[in-house]
Structure formats: C-alpha cells, structure tokens
1. Roughly what would the spin-label model give for His264 and Trp122, points 7 Å off Cα along C-beta, in nm?
2. I'd like to know which of Asn58, Ile152, Met27 lies farthest towards the positive end of the charge dipole of the chain, counting +1 on Cβ of Lys and Arg and -1 on Cβ of Asp and Glu.
3. At a 1.4 Å probe, what is the % contribution of carbon and sulfur to the accessible area of the chain?
4. How many angstrom separate the Cα center of segment 214-243 from the Cα center of segment 47-94?
5. Once both labels are modelled 7 Å past Cα along the beta-carbon direction, what's the Arg302-Thr44 spacing in nm?
6. What distance in nm separates the simple spin-label points at Tyr283 and Leu130, each placed 7 Å from Cα in the Cβ direction?
7. Over the chain, average the accessible area per residue using a 1.4 Å probe and give it in Å², no decimals.
8. Apply the membrane-span-like helix rule to the chain: whole DSSP H runs, Cα extent along the own long axis of at least 18 Å, mean Kyte-Doolittle hydropathy at least -1.0. List the helices found.
Amino acid sequence: MPSFFCQKEMYEFNLILNSAHTILGCMELLKRVKGCEGILCVLTEKIDAQLLNAAGPNLKVVSTMSVGFDHLSLDELKKRGIRVGYTPDVLTDCVAELTVALLLATSRRLIEATHEAKTGGWGTWRTLWLCGHELANSTVGILGLGRIGVAIAERLKPFKVKKFIYTDVALRPELANMIEAEYVSLDELAKQSDFLAICCALTPETYGICNWNLFSKMKKNAIFINTSRGGVVNQEDLYEALSTGLIAGAGLDVTTPEPLPTHHPLFTLKNCVILPHVASASYTTRNSMSALAANNLLAGLRGEPMPKELKL
Ligand SMILES: O=C(O)C(=O)CO
C-alpha cells in the first residue's frame with residue numbers, strides 16, 4: 001500500500017513509506033502515524049478518531065488516493081481542522097470504461113461463455129444458448145449522477161440506448177443535459193431501467209439503498225452494475241434477487257467486504273460477475289491518481305491551495 005507519512009524537518013519532508021504490498025495492521029499504522037504532519041492513504045485505510053488521536057496535534061493534512069472518501073471520518077477531520085485532498089476527475093474515464101466492460105460482460109454473459117468454450121460445453125450451435133440482453137433500444141438508469149455517471153452514459157450512447165434516466169438527492173440539470181437524462185424517483189428508476197448503473201457515493205443515506213425494496217421493483221431482464229462502493233448494496237437481498245430470477249444479472253466491481261471471501265454465495269451464481277475493485281486500474285490513471293494525491297499532500301503541508309481539496 002503506497003502510504004506516506006510526513007514529518008517536516010527544517011527544509012525537507014521526511015517520508016515514512018509503507019513499501020510493502022500489504023495493508024499495515026491497525027497497531028502498526030497507529031504507531032507509524034505518531035507525530036506526522038501529513039498522511040497519504042488509500043481507500044483501505046480507515047482514517048478515524050483513533051488514528052487521528054494516534055497521529056496527534058501535528059497532523060495538518062490527509063490526502064487520499066481515491067475519489068471516494070467513505071473511509072475518512074470527515075467530522076473528526078473537520079473538528080481538528082485537518083485539510084483533506086482526494087483524486088476526482090483523473091479516474092473518470094477509466095472507471096467509466098470499466099463499468100461499460102463489466103456491463104457488457106454481465107449482460108452478454110461473457111465469463112460464462114469463455115468458461116463453456118474452454119471446458120467442453122461448446123456443442124452444436126443452439127438457438128437460445130447463452131443468450132443475454134442487448135443495449136440497443138434499452139433504458140439505462142443511473143443512481144447518483146456525477147462525472148462518472150455522465151462518462152458512462154456518453155460511452156453507452158453509441159450502443160443505441162433509447163433513454164437515460166437518473167435519480168439523485170437533488171436534480172442535476174447541467175450534467176443531465178449533457179446526456180439528455182430524465183430525472184425520476186428511485187421507484188421509477190427501478191421500474192424502468194433495463195440496465196441500472198450505481199454511481200453514488202457511500203453515505204449514511206445511500207448505505208444499503210440497493211435492497212429487496214429496489215430489486216423487487218426491477219424488471220426480470222434487468223442488469224444491475226455497481227462500480228461505486230459495496231456498502232450501497234444489501235448483498236443478501238441481491239443474492240436472493242439473482243438466484244430467484246427476480247433480475248437477470250449483476251456485475252460488481254465492489255463488495256462488502258473486500259476482498260469478498262471465495263466461499264461467498266454470490267460467487268456460486270453464474271449471473272453474477274465479480275471483479276476485485278479494479279475500476280480505476282489502468283497504468284495511466286493510477287499514475288495520475290498518485291501524482292495528484294502527492295501534490296495535494298505537499299500543498300497541504302506547505303499551507304498552499306490543494307489541486308483537489310475536499311470542502312469539509
Ligand atoms: O478512487 C476510488 O474511490 C476508487 O474506488 C478507485 O477505484
């Protein structure tokens with residue numbers, strides 16, 4: 001995990017780098033942050049009251065190499081006057097691209113198909129074998145319309161999608177106009193969507209919002225795609241919806257927990273495609289995220305405006 005902890009000396013910053021490709025244990029992390037002025041973290045590191053107390057009063061800035069910030073206790077950071085940097089925009093294209101790939105892999109059953117081809121299931125050509133659902137003439141719903149939702153819609157439009165609809169805590173007229181998306185209620189989003197892409201941040205309001213209540217209103221042919229955070233989905237309800245044919249399929253890049261244990265029931269379902277949180281995993285994007293996170297950190301340490309600061 002590329003975490004850095006900074007202590008300012010006379011002219012330079014002293015970097016304490018976790019260069020191991022593992023998450024530091026809680027006790028180790030608490031030990032290492034002591035006295036630091038800045039922390040550069042990734043989304044697996046919980047920045048909560050315990051960690052902030054361990055860091056102590058020198059801490060001025062937390063820079064997360066992620067667009068999501070549900071791993072940060074914002075109230076605690078605000079209370080202590082600690083500035084926060086994050087990495088929006090630089091990953092939008094990459095996440096949108098992966099979302100489209102996951103949507104197609106799920107709706108056209110690509111993982112099942114390659115498995116059949118490899119393992120002898122490929123017999124004579126059969127009329128309905130491995131049939132899926134196509135985007136042409138479909139209605140695509142977006143739950144949480146931000147930059148990423150718009151980028152997904154822009155990429156899906158050439159597939160001849162008939163209509164884009166969205167819901168959010170408020171109307172997003174500027175973004176919606178870019179993709180000619182219509183605002184609907186959450187119920188209507190569930191009822192009308194052939195493809196439902198979840199793009200909202202994980203907040204107390206969105207925690208578990210994709211639950212039986214939502215799935216039970218969806219179409220039987222609907223494909224559910226989540227590249228936001230696992231916490232927005234009630235996974236027991238999703239399992240029930242998928243295994244009983246209430247909806248046609250789900251593609252998940254995010255789960256609860258991560259990694260999802262290999263014995264998890266969702267892994268037993270052919271109509272559930274699960275990826276290990278790789279939406280932003282391109283060399284270009286990860287480089288941009290790292291550079292932005294480092295620049296946010298340095299600006300915060302120097303008391304300068306950050307390239308991307310979260311307003312607390
Ligand atoms: O930046 C984030 O929040 C991610 O989830 C990276 O994919």
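The values are calculated or read from the model by the stated rules, or taken from the named source; none is laboratory data. Computed from a predicted model, the values in this text were never measured in an experiment. When we count neighbours, we look across all protein chains shown, and the Cβ atoms used for this are built from the backbone with ideal geometry, even at glycine. Accessible surface areas use protein heavy atoms only, side chains included; no ligands, DNA or RNA. Shrake-Rupley method; radii C 1.70, N 1.55, O 1.52, S 1.80 Å.
1. Calculated label separation equals 3.0 nm.
2. Selected residue: Ile152.
3. So the carbon and sulfur contribution to the accessible surface is 57 percent.
4. 30
5. In this crude spin-label approximation the distance works out to 3.2 nm.
6. The modelled label-to-label distance comes out at 3.1 nm.
7. So the chain comes to 51 Å² accessible per residue, rounded to a whole number.
8. In the chain, the long hydrophobic H runs are 92-107, 283-302.
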